[in-house]
Amino acid sequence: MEDKEHKAIMATIKIVKDLVQARMNHKVTTLTTLQEQPLTSLPDSIRIKREEEASRIRAVISEQSDIIELLNALFPDE
């Protein structure tokens, strides 16, 4: 592969990694906010919905982390 093509591919991969990382960071912030707010004063239905949402967010964070790990394995930084 030509050096110019290689650099273009690596630049694109970096953009993708940064995008996924930024989205993951946003999800982590959202999850942290959900977990920091006390649930004791909330009705059971709201508490259950928040716990379900937290579970979905944890799954997305795990998937995004796996994507970043995969990209790092396939395209290590030089």
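Protein heavy-atom surface of region 1-55, 1.4 angstrom probe: 59% of the accessible area is carbon and sulfur, with nucleic acids and ligands not counted.
Over the C-alpha atoms of the chain, the Rg to Rh ratio, Rh being the Kirkwood estimate, stands at 1.23. Where Lys and Arg each count +1 and Asp and Glu each count -1, what net charge lies around residue 69 among other residues with Cβ under 14 Å from its Cβ? Summing Lys/Arg as +1 and Asp/Glu as -1 gives -2. Computed about its Cα centre, the charge dipole of the chain is approximately 340 debye, with only Lys, Arg, Asp and Glu carrying charge at their Cβ. Averaged per residue, the chain has 78 square angstrom of accessible surface, using a 1.4 angstrom probe with ligands and nucleic acids left out. The residue list 10, 32, 45 was ranked by how far each Cα lies along the charge dipole of the chain toward its positive end, using unit charges on Cβ atoms, and 45 comes out on top.
Descending by average beta-carbon neighbour count within 10 Å, the peptides 12-25, 37-50 line up as 12-25, 37-50, the highest first. How about residue 17: which lysines have a C-alpha closer than 24 Å to its C-alpha, ignoring those fewer than 8 places off in the same chain? Here the lysines satisfying the reach criterion relative to residue 17 are 4, 7, 27. Only DSSP H runs of four or more residues enter the estimate; each adds -39500 (n - 2.57), and after division by the residues of the chain the mean residue ellipticity at 222 nm equals -30500 deg cm²/dmol.
One decimal place: the segment residue 59-residue 19 gains 12.6 nm when fully extended, by the rule 0.36 nm per residue minus the C-alpha distance.
FRET efficiency for residue 33 and residue 6, Cβ-Cβ distance as r, R0 = 35 Å, nearest 0.05? So, using R0 = 35 Å, E works out to roughly 0.30.
The values are calculated or read from the model by the stated rules, or taken from the named source; none is laboratory data. Keep in mind the model is a prediction, meaning the values are calculated, not measured. We place every Cβ from the backbone using ideal geometry, glycine too, and count neighbours over all the protein chains shown. Ligands, DNA and RNA are stripped out before the accessible areas are found, and what is left, the full protein with its side chains, is counted by its heavy atoms. Shrake-Rupley method; radii C 1.70, N 1.55, O 1.52, S 1.80 Å.
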